[in-house]
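Colleague: Just dropping this structure here.
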Amino acid sequence: MGPVNNQKRLFLPDAISIYVQFVIIGSILYGVCYVWKTLNSERRLSGFAVATLAEEGLGPKESYLKDSNKTIAAGLKSNSGPFQIITGTGPKLVLQNRFADELRNRSELDFNEAFRKDFFAHYPGFDGFRASLDNPTLIPSTLRIKMTQSLGLVTNHLVDEATAALHELYGENREWHSIAVKQHNLNFIARLSSRVFLGRPICRNEKWIEIAKNHTVSGYITDWPAVDSFLAARDLRAQPFFLRRIKHYFMPHNKNIRKDCSLKLSPPLLLTRTPERHYADAKQIINTEVERRKIRAQIILASGGKPAKVSDAIGWMVEMAGGKEVDYVAAQLSLTVASIHATTEALTSALLDLVTYPEIIPSLRQEIIEALSTGGWSKQALFKMKLMDSFLKESQRLHPVRSAVWLQRSYAKLLMISFDSLVMVRMIYHGPIWLIYDANTISVSMNRKVMRRVTLSDGTVLPVGARLMVAGGFRDPKIYENPDKFDAHRFFKLREENPNGAYQYVSTSGDMFGFGHGNHACPGRFLASSELKIALAHMILKYDWKLDQEDTMPKFFQNETAHMTNPGMKLMMRRRTEEIDLDLKVDPDLIDVKE
Ligand code: HEM
């Protein structure tokens, strides 16, 4: 009898132990399932035309990656009903603007799920995106219920912070000088937002401000700071899906957002992640503050007093969570992702409009003076700034974060921008290319995923699993007279003719949804409006602004369907003497506000 072979086999050679065979076969099966699942989700949707820039010899995916807006514009021109575009993460439906109202409150459509795939929430480093996806209702409901109720209280805190931050960030220089305006604005908005999210002293803690900015808005394209987590996601989308899982370890923006997130071996030989740096640092700062507050509240209660009314998001979230286990650190990071980038963009676009149309400055100054002269800062004073409201809405109409067409009034030089400077900011890989704005730009919003089948009024069936977006009517000549003209008074006049609140900055409608529309419309827009009005009131009364004629770089860039102001853009400014005193004389915690 020969030797007995005790080694059991599956399909692999005897020499490989049964356990290793299980691992190998399991991995192969996992790989096959992953490829099958992904291929399935990237398959085109049957029954919907595919938009493509065929006249430029491009296929659907190349068309979208080269110029998403032109591709969408082409689709809208040649289709009267919904059609699909082929993005880096598979097909998406584009619906004509007439469907916006019909879809706005459909419970079959999910907002968060629309982003899960595009923002790689399951990859290391994308913690900010993951936090909002994992707990989709806490933040919107905290903002909708608690923050909106406390806007009066918040106003004084924002004014207090604006006064301190403006002096530190923009300075007192009375000579004309040039500044990289977006970077200043980013710091300014990070300070204001952090005051509302975390209160004092954290909003002035340099480490926290760095986290708040870097988690959403850091990184570099050549020498220009940009939005790291957004760029990391964008780079990944441009990769073939089967390489993403490996390549993300080596891609620059992905490496940045994963900083300190190194792999290490721990028993029993499992690969684990060390905590993400932003998260670990934020946890230390926020937990210390939560402890400090608990102790203060205990002392006040013990002495028979009543703790003060909560005026920031830490307190509101605790109240909303009602004792449930919540990761407040992840929630704070998620708030910064949702708010700081968009509000910085809005402020920077508004300043650009201000220097491009300086004739509006005297009227804005006059309105601020009148609004504040009868009772100082309050929610009501902000409401009285109706021209400012209209100016902000017009700025958003022409430059929504999700899209815009830049009216090149004073920028003839831009048209001569050299090919070289575009190449300088051309994206690595075959990813999207930054562009200066052109008239083909189309605004899209209302990103949703179909969770249950939806039949539209025209009979079109939206299949389960499809992701969709709706085209806006921001420049529709049937809705807006001279739609390409910047008219700071446009919404002021419309508001006078229709006093139903429809034309306020924070109102959304089926054609103009810079803040989205329907049950997922931006719940932070009321805060954004207050922040922007307070910031601009200070900036307009305390400083003169003008274009920097030396700065010939493009003012806006396009990245897929998102649009952003140039992070390197420069403006000229100098300190002036304000007509009225804008600064609070009393600690906002001591001002009694009736909401
Ligand atoms: C000017 C600044 C801002 C703009 C232009 C903006 C724009 C938007 C847009 C377009 C959406 C999608 C809505 C939809 O698809 O219907 C959205 C959602 C959201 N925004 Fe904003 N936003 C701004 C500021 C803020 C701020 C300051 C916060 C936080 C305080 C915030 C928190 C959110 C949240 C949590 C959502 C998700 C809502 C949900 O899940 O239902 N945003 N925003």
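Colleague: What net charge is computed for the residues neighbouring GLU55, neighbours being all others with C-beta under 14 Å from the C-beta of GLU55, Lys and Arg scored +1, Asp and Glu -1?
Modeller: Within the 14 Å Cβ shell, the charges total 0.
Colleague: Modelling each spin label as a point 7 Å along the Cα-to-Cβ direction, I'd like the GLU55/ARG245 distance in nm, to one decimal.
Modeller: Modelled inter-label distance: 4.3 nm.
Colleague: So how much accessible area does ILE580 have, in Å² to the nearest 10, using a 1.4 Å probe?
Modeller: Surface open to solvent at ILE580 totals about 40 Å².
Colleague: Further question: Just how much of ARG475 is accessible, in Å², when a 1.4 Å probe is used and the result is rounded to the nearest 10?
Modeller: 50 Å²
Colleague: Leaving ligands, DNA and RNA out of it, rank ILE179, ILE479, ILE28 by accessible area with a 1.4 Å probe, largest first.
Modeller: Working: ILE179 15, ILE479 75, ILE28 100 Å².
Highest to lowest solvent-accessible surface, that is ILE28, ILE479, ILE179.
Colleague: By accessible area of protein heavy atoms, probe 1.4 Å, what ranking do THR374, THR565, THR460 get, highest first?
Modeller: Numbers: THR374 100, THR565 0, THR460 30 Å².
Accessible-area ranking of THR374, THR565, THR460, largest first: THR374, THR460, THR565.
Colleague: OK, next. Leaving ligands and nucleic acids out of the surface, order SER194, SER311, SER27 by accessible area at 1.4 Å, largest first.
Modeller: Details: SER194 0, SER311 25, SER27 70 Å².
Descending accessible area places them as SER27, SER311, SER194.
Colleague: In the neighborhood of HIS177, defined by Cβ-to-Cβ distances under 15 Å, what is the net charge if each Lys or Arg adds +1 and each Asp or Glu adds -1?
Modeller: Values: positive: ARG174, LYS542, LYS546, LYS570, ARG574, ARG575, ARG576; negative: GLU172, GLU175, ASP544, ASP548, GLU550, ASP551.
Here the charged neighbours net out to +1.
Colleague: Also: How large is the accessible surface of ASP548 in square angstrom, using a 1.4 angstrom probe and rounding to the nearest 10?
Modeller: Looks like 20 Å² after rounding.
Colleague: Describe numerically, in nm with one decimal, the distance between label points set 7 Å from Cα along Cα→Cβ at LYS306 and at ILE580.
Modeller: Result: 3.2 nm between the two label points.
Colleague: Here's something else I'd like to know. Once you have the Cα-Cα distance between ARG452 and LYS478, take 0.36 nm times their residue separation minus that, and quote the gain in nm to one decimal. Please list the in-between numbers first.
Modeller: Details: separation 26, 0.36 × 26 = 9.36 nm, distance 3.36 nm.
Length gained between ARG452 and LYS478: 6.0 nm.
Colleague: For a quick check: with amide H placed at 1.01 Å from N, whose amide H comes under 5 Å from GLN239's, ignoring anything fewer than 5 positions away on the same chain?
Modeller: none
The values are calculated or read from the model by the stated rules, or taken from the named source; none is laboratory data. Keep in mind that this is a model prediction, so the values were computed, not measured. Neighbour counts are summed over all protein chains in view; Cβ atoms, including those assigned to glycine, are modelled from backbone coordinates with ideal geometry. Each accessible area value is taken on the protein alone, full model and side chains, heavy atoms only, with ligands, DNA and RNA left out. Shrake-Rupley method; radii C 1.70, N 1.55, O 1.52, S 1.80 Å.
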